[in-house]
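A short write-up of the structure that comes next.
The values are calculated or read from the model by the stated rules, or taken from the named source; none is laboratory data. In this text, all values refer to a predicted model and were calculated from it rather than measured experimentally. Note that each Cβ is placed from the backbone with ideal geometry, even for glycine, and that neighbours are counted across all protein chains shown.
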Amino acid sequence: MDGPGDKPEAEPTIAQLRRQMTARLAAGGVETPELDARLLLAHALGFAPGDFLSRGETSVPSRLHSAADTLLARRLAGEPVARILGHKEFWSLTFQLSAETLVPRPDTETVVEAVLSLTPDRAAPLRILDLGTGTGAILAAILTERPAATGIAVDYSESAARTARLNFEANGLSGRVAALVADWGTAVAGGFDLVVSNPPYIAEGEMAGLAVDVRLHDPRRALVAGADGLTAYRAIAADLPRLLKPGGVAVLELGAGQEPAVADLVQQAGLNVLGPARADLAGIPRALCARWRGATQDPADEKRLGTSEGNR
């Protein structure tokens, strides 16, 4: 209880609380403490991160201070910021997350870049299949860049498919895409111009060595693919000749060091690998591109895609 001469403790300003959170995150070993503090505090206070400059000297009520502390504790325990916020930006689009979806990562934008390089005609009426869609991020990004394209998104998880549907709708794409629950491509007929996938590619034995934010907070089934990390690639590669039309292309995200093994699987299935895999910003081969020529390729299929042999 305060004495007669005591003054109540002053509420911290937004700027002060932001500095305090940044310091605690840095001390906790978080790689991006300033950015994380800004995002978490903005979420707790209910305004956009860009509002800090104009509202830095505003006092933070105790209830909001407590809310910020709760978010901070979750981050210090290893939970990713995107999981805490419930959404993540990818290709300048916003995607809601659920427990059965991965957090879209910047590395995966390499897949989108490879697709756009292979399909330079913005007006091409492409039919696209996204296997293991998760949030729908890859397919949504491609559809925004190729306005005449349509797509089918497939995921084994009903929860993930539902999340993808919500994200397609939120990004104004629901009229051009359907989301299905199925085991890879088993529920769809062929005839696609493009198949994309970011499948599970972590080997069982590597799971324990993953970062805490991935190991404890991403869905295991979306990460692990058998003893060698290639189980999903085997299923996808074997089905590509059925799923793709002659001249169609596939773009598969790779884990580090997996390019030779996945390229071999794709070639065994009868596809032509289109040069080295496209590298991400860290220089890791990340997007493997291949074309299915088929037994009776129609030259019009090449024109439809507007592709070239290179993928860089």
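If you check ASP213 against the conditions, is it part of a loop (DSSP other than H, G, I, E, B), among the charged types (D, E, K, R), modelled with pLDDT under 95 and not assigned by TED's automatic domain parsing to the domain that holds GLY29? Criteria not met by ASP213. For the stretch 230-246, the tally of residues that are in contact with a Ser or Thr (Cβ under 8 Å, 6 or more places away or on another chain) and outside any helix (DSSP H, G or I) stands at 1. Looking at GLY229, GLY255, just one residue is closer than 22 Å to SER117 by Cα, at pLDDT below 95 and either within 19 Å of the chain's Cα centre (by Cα) or not charged (D, E, K, R) (or both), and that residue is GLY255.
All of GLU31, GLU9 fail the test of being within 20 Å of VAL214 (Cα to Cα), at pLDDT below 90 and surrounded by fewer than 16 Cβ atoms within 10 Å (Cβ to Cβ), apart from GLU31.
Identify all residues within the stretch 101-120 that are assigned to a helix (DSSP H, G or I) and more than 16 Å from ALA82 (Cα to Cα); write none if there are none. Within the stretch 101-120, GLU109, THR110, VAL111, VAL112, GLU113, ALA114, VAL115, LEU116, SER117, LEU118 qualify.
For ALA208, are the conditions met, namely being modelled with pLDDT under 95, part of a loop (DSSP other than H, G, I, E, B) and not assigned by TED's automatic domain parsing to the domain that holds GLY29? For ALA208, the condition - modelled with pLDDT under 95, part of a loop (DSSP other than H, G, I, E, B) and not assigned by TED's automatic domain parsing to the domain that holds GLY29 - is not met. With respect to PHE192, is the statement that it is more than 17 Å from the chain's Cα centre (by Cα), buried (at least 23 other Cβ atoms within 10 Å of the Cβ) and either outside the structural domain of THR32 (by TED's automatic domain parsing) or closer than 29 Å to GLY257 by Cβ (or both) true? When the stated conditions are applied, PHE192 passes them.
Residues that are farther than 30 Å from ASP183 by Cα, in contact with a Gly (Cβ under 9 Å, 6 or more places away or on another chain) and in contact (Cβ under 8 Å) with a residue 12 or more places away in the chain occur at least once in the stretch 73-86.
Answer yes or no as to whether ILE152 is closer than 23 Å to GLY247 by Cβ and outside any strand (DSSP E or B). Criteria not met by ILE152. Residue-level analysis places ALA282 outside the set of residues that are small (Gly, Ala, Ser), out of contact with any helix residue (DSSP H, G or I) (no Cβ under 8 Å at 6 or more places or on another chain), within 25 Å of LEU102 (Cα to Cα) and surrounded by fewer than 21 Cβ atoms within 10 Å (Cβ to Cβ). The residue list ARG127, ARG165 contains one member that is touching a Gly at 6+ places or on another chain (Cβ under 9 Å), within 18 Å of HIS87 (Cα to Cα) and charged (D, E, K, R), which is ARG165.
In the stretch 163-174, is there at least one residue being in a strand (DSSP E or B), aliphatic (A, V, I, L, M) and surrounded by 14 or more Cβ atoms within 10 Å (Cβ to Cβ)? The answer is no, given that none of the residues of the stretch 163-174 is in a strand (DSSP E or B), aliphatic (A, V, I, L, M) and surrounded by 14 or more Cβ atoms within 10 Å (Cβ to Cβ).
Which residues, counting only those in the stretch 20-43, are in contact (Cβ under 8 Å) with a residue 24 or more places away in the chain, aliphatic (A, V, I, L, M), more than 20 Å from THR58 (Cα to Cα) and assigned to a helix (DSSP H, G or I)? Within the stretch 20-43, LEU25 is the sole residue that qualifies.
The set of residues in the stretch 97-111 that are of a type outside the set (Asp, Glu) and more than 11 Å from the chain's Cα centre (by Cα) comprises SER98, ALA99.
A single member of LEU143, LEU116, LEU129 is surrounded by 23 or more Cβ atoms within 10 Å (Cβ to Cβ) and closer than 21 Å to LEU288 by Cβ, and it is LEU129.
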